[in-house]
Amino acid sequence: MICLNDVTKIYDNQAKGIENVSLSIKQGEFVFIVGTSGSGKSTFIRLLLKEVDLTSGEIIVSRQNLSLIHPKLLPYYRRNIGVVFQDFKLLPNKTVYENVAFAMEIVQASSKDIRRSVPAVLSMVGLEKKYKDYPNQLSGGEKQRTAIARAIVNKPPLLLADEPTGNLDPDNALEIMKLLEKINSHGTTVIVATHAKDLVDSMKKRVITFVEGNLISDVEQGVYDYEVAQS
Amino acid sequence: MAFASVITVMSCILIFSVSFYFVENINFALEKINNSIGLSVIIKDDLPDEKIDVLKKKISELVYVKKIDFVSSEQALKNFMETFEDSKEILAGLKEDNPLPRSFDILLLDNKFYEDAIKACENLKNDGVEKVKHALAETNVLMSISKILHIVSAVMIFLLGIISIVIIINTIRLAVNSRREEIIIMKYIGATNWFIRWPFIIEGMIIGFVGSIIPVLICWPCYEKIIEFIYIKMSFMKKIFEFKSGLIIFSELLPIALSLGLFIGIVGSFSSVKKYLDV
């Protein structure tokens, strides 16, 4: 599903994002991207979102070469990706229901589909009773579950999460990880950039470790190797 | 923020509207003066009446003559008396012995022919022209003033338009800036640029429409009230200056101000959103 061939990203200020990274991720996998701050985790996510362009190499997502996507077609590419951020990025003037429905309105889904899909996905993330609440009335965990609901409501084959538990307490963080695992069990490829060691260790998923922009290790059913990440 | 944008558009369109009323009245006055400037061709005292028609025909045949009126001695005296109705002593003497000559009052198609018309009429001395009374120097001054005023008003309106657009783009940019996060979220979710732009453009159009219609609607009755006030307080103004009809200026200003307001609103929101679309 995702294939990176010798990918390098150097930012305009000459800061290194990632360097000579090659890897592949199959459809339906659950992958943790770990590393310290500035290791290249977020650059990896941003490259997959095509928020930034690579400097050299090649990225293929769902048989599409990202370098060849015309800017006008970028929104249609992104509709196949659900994205979750550390700071939730919810619209404060919209309710939980409206925030989720908004993602469907953008892809011009019919009102009927919105009325059917939004309650179903809110039920899946456990927010069916909070649908009228505004983001400022929600806890951190609830905000993140709303963001996840928005990310998956259009049933994207790929879900990217950049530090999804960064602002949450351990209990809520665990719940979010379980939710992501549940989504993955339905066939969605899930990629989570994090440095939540305990969660990574407990879930026994594939772990890719970045250090200063370089891919250092890629282990099936791995753990967050703190020494490797710090090396 | 939308309220601030409306106020900004309103202020700019209000200044524009006031300038427009001012310039329109200057142009109207100049046009009237321009149209009333003409020549007076004095006819020789000994020219027989039957030759006056021949002379009139010759002058009429000049291509730049718009209108020619014969003024008899009696008519000239009557006009004189109307002008100087307060000076009764002078008028009493004139009634007994009318010294005023017969003449033709001539209006020209355009004042650029003024000099040619004077020469042509002076060349008709053998046909009965005594002399040509004209205001060539005054006309030239007036035409120069008219040209300068046209340039000044055009520059003023142009500069005002540019200033308005710059202010409004910045005001709308502030409004858009406050919704930057919303735009970025929309981009991440997969919204097309036009999906994001439309609400801002419609908002810009509404801001432009409201911001331009209000000052235009305010200016018209204010203008009528000002004219009424001037005519009441300074009644002599009625004789020397005629203001252009408020309704006519309103009907000319409305489409210009609305187009300008909508243009400013659309350009302002379009350029403001553009900055945030490259995510």
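The values are calculated or read from the model by the stated rules, or taken from the named source; none is laboratory data. Remember, predicted model here, so these are calculated numbers, not experimental data. All Cβ positions, glycine included, derive from the backbone under ideal geometry; neighbour counts span all protein chains shown.
Summary of values
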read-out: Some residue of segment A:146-160 being under 23 Å from B:Lys187 (Cα atoms), surrounded by fewer than 20 Cβ atoms within 10 Å (Cβ to Cβ) and charged (D, E, K, R); value: yes
read-out: Of all residues making up segment A:181-199, the number that are among the hydrophobic types (A, V, I, L, M, F, W, C) and over 11 Å from A:Val31 (Cβ atoms); value: 3
read-out: Conditions (1) surrounded by fewer than 19 Cβ atoms within 10 Å (Cβ to Cβ); (2) in contact with a Lys or Arg (Cβ under 9 Å, 6 or more places away or on another chain); (3) of a type in the set (Ser, Thr, Tyr): number failed by A:Ser185; value: (2)
read-out: Close pairs from segment B:211-227: first assigned by TED's automatic domain parsing to the domain that holds B:Leu253 and of a type in the set (S, T, N, Q), partner in a helix (DSSP H, G or I) and buried (at least 17 other Cβ atoms within 10 Å of the Cβ), Cβ under 8 Å, at least 6 apart; value: B:Ser212/B:Val9; B:Ser212/B:Met10; B:Ser212/B:Ile13; B:Ser212/B:Ala257; B:Ser212/B:Leu260; B:Ser212/B:Gly261; B:Ser212/B:Leu262
read-out: Restricting segment A:60-75 to residues that are closer than 18 Å to B:Leu277 by Cβ and either facing another protein chain (nearest Cβ under 10 Å) or of a type in the set (Gly, Ala, Ser) (or both), the residue that is surrounded by the most Cβ atoms within 10 Å (Cβ to Cβ); value: A:Pro75
read-out: Residue count, segment A:76-125 (criterion: facing chain B (nearest Cβ under 10 Å), touching a residue at least 40 places away in the same chain (Cβ under 8 Å) and part of a helix (DSSP H, G or I)); value: 4
read-out: Any pair with Cβ under 6 angstrom, 6 or more apart, that starts in segment B:176-190 at a residue that is in the same structural domain as B:Glu203 (by TED's automatic domain parsing) and ends at one that is hydroxyl-bearing (Ser, Thr, Tyr) and assigned to a loop (DSSP other than H, G, I, E, B); value: B:Arg180/B:Tyr276; B:Ile183/B:Tyr276
read-out: Which listed residue is among the hydrophobic types (A, V, I, L, M, F, W, C), surrounded by fewer than 17 Cβ atoms within 10 Å (Cβ to Cβ) and assigned by TED's automatic domain parsing to the domain that holds A:Lys9, from A:Val192, A:Val200, A:Val207, A:Val219; value: A:Val219
read-out: Residue match in segment A:23-38 (condition: assigned to a loop (DSSP other than H, G, I, E, B), in contact with a Phe, Trp or Tyr (Cβ under 7 Å, 6 or more places away or on another chain) and either touching a residue at least 40 places away in the same chain (Cβ under 8 Å) or of a type in the set (A, V, I, L, M, F, W, C) (or both)); value: yes
read-out: Qualifying position, being assigned by TED's automatic domain parsing to the domain that holds B:Glu74 and part of a helix (DSSP H, G or I), among B:Glu115, B:Glu130; value: B:Glu115
read-out: Any chance A:Pro170 is outside the structural domain of A:Leu47 (by TED's automatic domain parsing), of a type outside the set (D, E, K, R) and surrounded by fewer than 21 Cβ atoms within 10 Å (Cβ to Cβ); value: no
read-out: Among (1) assigned to a helix (DSSP H, G or I); (2) within 14 Å of chain B (Cβ to nearest Cβ), the one test that A:Phe44 misses; value: (2)
read-out: Candidates B:Ile172, B:Ile157 - the one that is away from chain A (no Cβ under 14 Å), in contact with a helix residue (DSSP H, G or I) (Cβ under 6 Å, 6 or more places away or on another chain) and surrounded by 13 or more Cβ atoms within 10 Å (Cβ to Cβ); value: B:Ile172
read-out: Enumeration of residues in segment B:237-263 that are surrounded by 19 or more Cβ atoms within 10 Å (Cβ to Cβ) and modelled with pLDDT under 80; value: none
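Yes/no per residue for (1) part of a helix (DSSP H, G or I); (2) farther than 30 Å from B:Ile172 by Cα; (3) modelled with pLDDT of 85 or more; (4) in contact with a Pro (Cβ under 8 Å, 6 or more places away or on another chain):
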| residue | (1), (2), (3), (4) |
| --- | --- |
| B:Ala4 | yes, no, no, no |
| B:Ile33 | yes, yes, no, no |
| B:Val41 | no, yes, yes, no |
| B:Val54 | yes, yes, yes, no |
| B:Asp69 | no, yes, yes, no |
| B:Phe80 | yes, yes, no, no |
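Conditions (1) more than 30 Å from B:Met10 (Cβ to Cβ); (2) away from every other protein chain (no Cβ under 14 Å); (3) outside any helix (DSSP H, G or I), marked per residue:
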{"residue": "B:Glu138", "(1), (2), (3)": "yes, yes, no"}
{"residue": "B:Ile184", "(1), (2), (3)": "yes, no, no"}
{"residue": "B:Lys187", "(1), (2), (3)": "yes, no, no"}
{"residue": "B:Gly204", "(1), (2), (3)": "no, yes, no"}
{"residue": "B:Ile207", "(1), (2), (3)": "no, yes, no"}
